[in-house]
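Working notes, beginning with the structure itself.
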Amino acid sequence: MSSAASAAPALAARAAVAGKTRIRAGKNRAHANATATAARRRPVRGAPLRCDAIFDQLKKGVDGLMKGDPSAKTAARYKDRVDAINALAPAIAKLSDDELRAKTTELQGKVRAGADLDSLLVEAFAVVREASDRVLGLRPFDVQLIGGMILHEGQIAEMRTGEGKTLVSALPAYLNALGGKGVHVVTVNDYLARRDCEWIGQVHKFLGLTCGLIQAGMAEEERREGYSSDVTYVTNSELGFDYLRDNLAQSPAELVLRDFNFCVIDEVDSILIDEARTPLIISGIADKPSERYIQSAKIADAFEKDYHYKVDEKQKSILLTEEGYEAAEDLLQVDDLYDPRTQWALYIINALKAKELQLKDVNYIIKSNEVIIVDEFTGRTMVGRRWSDGLHQAVEAKEGLPIQNETVTIASVTYQAFFRTFPKLGGMTGTAETELTEFNNIYDLSVQVVPTNRSVAREDSQDVVFRNEPGKWNAVRREIARMHKKGRPVLVGTTSVERSEEIGRLLDEDGIGYELLNAKPENVEREAEIVAQSGRKGAVTIATNMAGRGTDILLGGNAEFMARLKIREALLPKIVEPEEGDIAFEKKSLGGANADKWKVKDGLYPCDLSPATEALLKSAVDTAVDAWGARSIGAFDAEDKLSFACEKAPTEEPGTLAIREAFNEIEKEFKAVTSAEKVEVVGLGGLHVVGTERHESRRVDNQLRGRAGRQGDPGSTRYFLSLEDNLFRIFGGEKIQSLMSAFQIDDMPIESGMLTSSLDTAQKKVETYFYDIRKQLFDYDAVLNSQREKIYFERRRALSAKPEDLQQQMLEYAELTVDDIVNANLDPSVAPSEWPLKGLAEKMAQYCYFMADIDEADLRAKADEGGIDGVRDYLVKRGKDAYVTKRQEVEAAQPGLMGEAERFFVLSQTDNLWKEHLQAIKFVQQAVGLRGYAQKDPLIEYKLEGYNLFVEMMAQIRRNVIYSVYQFQPKRVKENPAEAQVEPPQGSSADAGAAEGEFPEVGDGQPVEAEVVTASAGKGSRKKK
């Protein structure tokens, strides 16, 4: 938190004592000299900030004495082990490369012999530290060793921006991979996963471990290979979807994941908190899109806000007014919008949500005639994701785009539930302490603050608040121009694509050059190169919340990264094989659609290369092409080779050596310029961060502030706010509303302790509000998650079961199903003479044709002999005998067929009924909310109803499965009559003799009519949602 913000209570107290609120009005200070005393109390411009800073330092000092510095406590806790690692360093440094690599085999042997990982930590960390120094030229600091220990212990390490979190992950990943059970390193996007695998992965490969990379669009075999590696780099969404897809697999060969062991999450707050409200959903195509979406969009467009409907921006909901109901019913010529047969209300509400709450270039962008969601927290696009419940179709209708098919949920999981399945979980981020309670309560993860390697020299200025938005934007414009004129690099943080482009237009008018980094595809592709030069003198970068996530802004420019881009630009077009249907990336800003997709923007490099270095680069590229082949390797492999060549790992490969020599020379020339420029930028004050709006979470604000002042560099930040900003307008309450009406000066900043306190309170209120939503989601999802774990366990057991295990399971199903039928038809409280045994006999014949010979007399004899238990035991024996007979028949047709059929029936029935269960329990969750009016706890009601639904679903699965087994009739495949082969039912062609259908009703003792039940099973298509 800024010094001014932390001094807010004191400022508020002084304002209350003075009995007044001051307005800083630039040159117009004539009203301020009422009396000499008042003049003495009111210092000149700038003095309050200095006084506040002094007061803040005093306050921090007192707090430090009272509470203690958390980072100092962390350092003291791990000091002994850090000292032990440092003491081991000289001995490790003397080892040759082969001897250092042999340490891995030695440590793996100790793990196999039963050694505890904690006992190997010191030696393992010392080995990784030395390997990193040799391969990457980076030697982890002591504070990075502490971060690695925190992750290994299954905690969250809060490390400031620029402290090297990416390198920290290598330490616990190596240690936990020694057992051979695999480690997942999870990042927020494909770019970071690939970068980390190519960069940090070199340390693991040098030490003899394998590294895997999972990227969007990879084939099943590539994924399986990646997950089987010792260390796997993957994004949170790819890992989550692979988990769901594995639990929809129809054979063991389709599985790609192995059992979870240890997971390290980079930017853990973004994944476990910001994305906790959004479940991962795999859906199947349901009905064709309805014309009602288009009709509803037209009605929504005609409706007027606050007359036909009201918008609750806090709850993100729409409420139709009486006039809105009547108008909609008149236009649609219906009597009731909520008629369950038409459900017009759902379409109208979604259309109004699309109009008012889902805004173009804020919540989504349009690319290739598709609506692509923009993540509100990171600012990145989420290709392949769709809003559920018809909202996405409503947005497509609003924009006049082709409306895609409606979907039905097949499988879903929240990140809250998914990451809790790992036996050990660790995470790292620059901002976690403010969410300490949530990490503790929901994930059982404690947060440890890691000390910085160098003291932070950033200056956080007090927020500047304006009455309205025009005043704020003019001040932002002036601030950027002022800093740009000084030569300081400026990073401007915005909350949406729309806002970032608005600021860009203002700077265009002022003739100030800038780079735009937002969710637009042409900008996302250049993220790394934009960030690489954001610290150059006079650079202006406008970014959404994604700014710098995982990439540092180095003052003077990042010479190493720009040297790599120079090599990449020259090398990759000559070695990467053309893709099928290859179309060059469309980069309008880079010279049109036919521009080379590896070409960077003109002016990126700090200087032109010398003729000698240009010749060296050309020669190196020619050598690499000769060694690796012209346009003969995939893009991923090419990036991996380039990354390896640009580091220091030992190699004898001629192409790699040539590229490395050229890279070193290019970096040397670039560094001569950037180093001089860094000295100049540091002298000017470093990077200046301009915030244009408070986010709904202080963490995101702190992430933006953290871009400045990395590794002891100077820097400054200042937020420009308006009382009309969404956060304060929606959550500010009456106090801020009254201030808005009290201040009538539009373009003058307001300075008030009471105002600062109110803004802080509003932001905390938002954090609490969304935490409550996530907590409620967690409480409700815990119910579904326990059911999900049970159903997936049973499904996985069937998937990998041996034939004899399946046989035993079928016998159990047969017994339990007979129990269900008997219990439904016979009442123990009624005399046996009154039992409807004829109806029971007919029901058993309907259930299994092998029992068609059972009549009322047989059952009456068993009832007279042993009561209800006698009837049950007799029918259970007949049921099991029938199964054995059916199995012998099928196995005679083709050995092994019955086992495959049984497995198919279990999997398909589980998938189909689980899909229906998800729809049913979703409806229950919506319905129980109204029971609060009856003084009933909705969560308790949800648990009870959810449990009853789950028990009934599990019973229905086993009934349907054993019924399908009894009805199964193998047939010879018509396409190949000569071989007389009998195929098991598979996939959507399950009608090859399989009567895989729903079990008939268990009955109520009444006579039943004969019926024939057959059905074909289909998995349906699936896609990400």
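The values are calculated or read from the model by the stated rules, or taken from the named source; none is laboratory data. The structure presented is a predicted model; accordingly, all values stated were derived computationally and were not measured. FYI the Cβ positions are ideal-geometry reconstructions off the backbone, even for glycines, and counts take in every protein chain you see. Keep in mind that these areas ignore ligands, DNA and RNA; they rest on the heavy atoms of the full protein, side chains included. Shrake-Rupley method; radii C 1.70, N 1.55, O 1.52, S 1.80 Å.
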Which residues, taken from the stretch 629-665, are surrounded by 14 or more Cβ atoms within 10 Å (Cβ to Cβ), of a type in the set (V, I, T) and over 12 Å from R568 (Cα atoms)?
-> I633, T656
How many of the residues in the stretch 153-162 are open to solvent by less than 20 Å² (accessible area, probe 1.4 Å) and touching a helix residue (DSSP H, G or I) at 6+ places or on another chain (Cβ under 7 Å)?
-> 4
With respect to the numbered conditions (1) aliphatic (A, V, I, L, M); (2) more than 20 Å from I365 (Cβ to Cβ); (3) part of a helix (DSSP H, G or I), which one is the sole condition not fulfilled by I503?
-> (2)
One residue from G471, G513 being open to solvent by less than 10 Å² (accessible area, probe 1.4 Å), farther than 29 Å from D190 by Cβ and either in a helix (DSSP H, G or I) or modelled with pLDDT of 90 or more (or both) | G471
Please identify the pairs in which a residue from the stretch 427-449 that is farther than 19 Å from G148 by Cα and in contact (Cβ under 8 Å) with a residue 24 or more places away in the chain has its Cβ atom under 6 Å from the Cβ atom of a residue that is hydroxyl-bearing (S, T, Y) and open to solvent by 30 Å² or more (accessible area, probe 1.4 Å), counting only partners at least 6 apart or on another chain.
-> E438/Y771
Would you say T409 is part of a strand (DSSP E or B) and not assigned by the TED database to the domain that holds A543?
-> yes
Based on what the data block shows, is D312 at pLDDT 85 or above and either of a type in the set (A, V, I, L, M, F, W, C) or open to solvent by 70 Å² or more (accessible area, probe 1.4 Å) (or both)?
-> no
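Any idea which residue in the stretch 165-175 is nearest to the chain's Cα centre (by Cα), counting only those that are hydroxyl-bearing (S, T, Y) and in a helix (DSSP H, G or I)?
From the stretch 165-175, those hydroxyl-bearing (S, T, Y) are 166, 169, 174; that's our starting set.
Next, from what is left, pick out any that are in a helix (DSSP H, G or I): 166, 174.
Working: T166: 18, Y174: 24 Å.
Only one residue fits best here, namely T166.
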Residue count for the stretch 686-701, restricted to those that are of a type in the set (G, A, S), farther than 14 Å from G535 by Cα and over 19 Å from the mean Cα position of the chain (by Cα) | 1
Is it the case that some residue within the stretch 423-445 is touching a Gly at 6+ places or on another chain (Cβ under 8 Å), over 19 Å from K298 (Cβ atoms) and open to solvent by 40 Å² or more (accessible area, probe 1.4 Å)?
-> yes
Hey, does the stretch 557-570 have a residue that's modelled with pLDDT under 90 and loosely packed, with under 14 Cβ neighbours inside 10 Å?
-> no
Is there any pair linking a residue in the stretch 88-103 that is in the same structural domain as G208 (by the TED database) to one that is among the aromatic types (F, W, Y) and part of a helix (DSSP H, G or I), with Cβ under 8 Å and at least six apart or on different chains, and which?
-> D97/F206; R101/F206
Within the stretch 489-500, track down each residue that is open to solvent by less than 20 Å² (accessible area, probe 1.4 Å) and part of a loop (DSSP other than H, G, I, E, B).
-> P489, T494, S496
Conditions (1) within 28 Å of S251 (Cα to Cα); (2) open to solvent by 40 Å² or more (accessible area, probe 1.4 Å); (3) assigned to a helix (DSSP H, G or I) -> E902 fails only (2)
Among the residues of the stretch 820-837, write down those that are more than 20 Å from D855 (Cβ to Cβ) and crowded, with 16+ Cβ neighbours inside 10 Å.
-> D820
Wholly within the stretch 176-277, helices (runs of 4 or more DSSP H) carrying at least 2 residues that are closer than 30 Å to S697 by Cβ | 190-199, 236-246
The stretch 607-628 - residue that is in the same structural domain as K574 (by the TED database), among the hydrophobic types (A, V, I, L, M, F, W, C) and over 12 Å from A570 (Cβ atoms) and, of those, least open to solvent (accessible area, probe 1.4 Å) | W628
Answer yes or no: is there a residue in the stretch 728-747 that is assigned by the TED database to the domain that holds R467, at pLDDT 65 or above, outside any helix (DSSP H, G or I) and more than 16 Å from K314 (Cα to Cα).
-> yes
Kindly list the number of the only condition in (1) surrounded by fewer than 24 Cβ atoms within 10 Å (Cβ to Cβ); (2) out of contact with any helix residue (DSSP H, G or I) (no Cβ under 7 Å at 6 or more places or on another chain) that fails for I150.
-> (1)
K398 open to solvent by 20 Å² or more (accessible area, probe 1.4 Å) and assigned by the TED database to the domain that holds L319 = yes
Among the residues of the stretch 623-640, is any in contact with a Lys or Arg (Cβ under 6 Å, 6 or more places away or on another chain) and modelled with pLDDT of 95 or more?
-> no
Restricting the stretch 329-351 to residues that are buried (at least 19 other Cβ atoms within 10 Å of the Cβ) and touching a Leu at 6+ places or on another chain (Cβ under 6 Å), which is modelled with the lowest pLDDT?
-> W344
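Please go through the stretch 187-223 and give me each residue that is polar (S, T, N, Q) and under 19 Å from the mean Cα position of the chain (by Cα), ordered by number.
Of all residues in the stretch 187-223, those polar (S, T, N, Q) come to 187, 189, 202, 210, 215.
Result: T187, N189, Q215.
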Exactly one of (1) at pLDDT 65 or above; (2) surrounded by fewer than 18 Cβ atoms within 10 Å (Cβ to Cβ); (3) of a type in the set (G, A, S) is unmet by G946. Its number?
-> (2)
In the stretch 678-690, is there at least one residue being buried (at least 16 other Cβ atoms within 10 Å of the Cβ), charged (D, E, K, R) and in contact with an Asp or Glu (Cβ under 7 Å, 6 or more places away or on another chain)?
-> no
Listed by first then second residue, the pairs whose first member lies in the stretch 387-401 and is without any contact (Cβ under 8 Å) to a residue 24 or more places away in the chain, whose partner is open to solvent by 50 Å² or more (accessible area, probe 1.4 Å) and not in a helix (DSSP H, G or I), with beta carbons under 9 Å and at least 6 positions apart or on separate chains, are H392/Q404
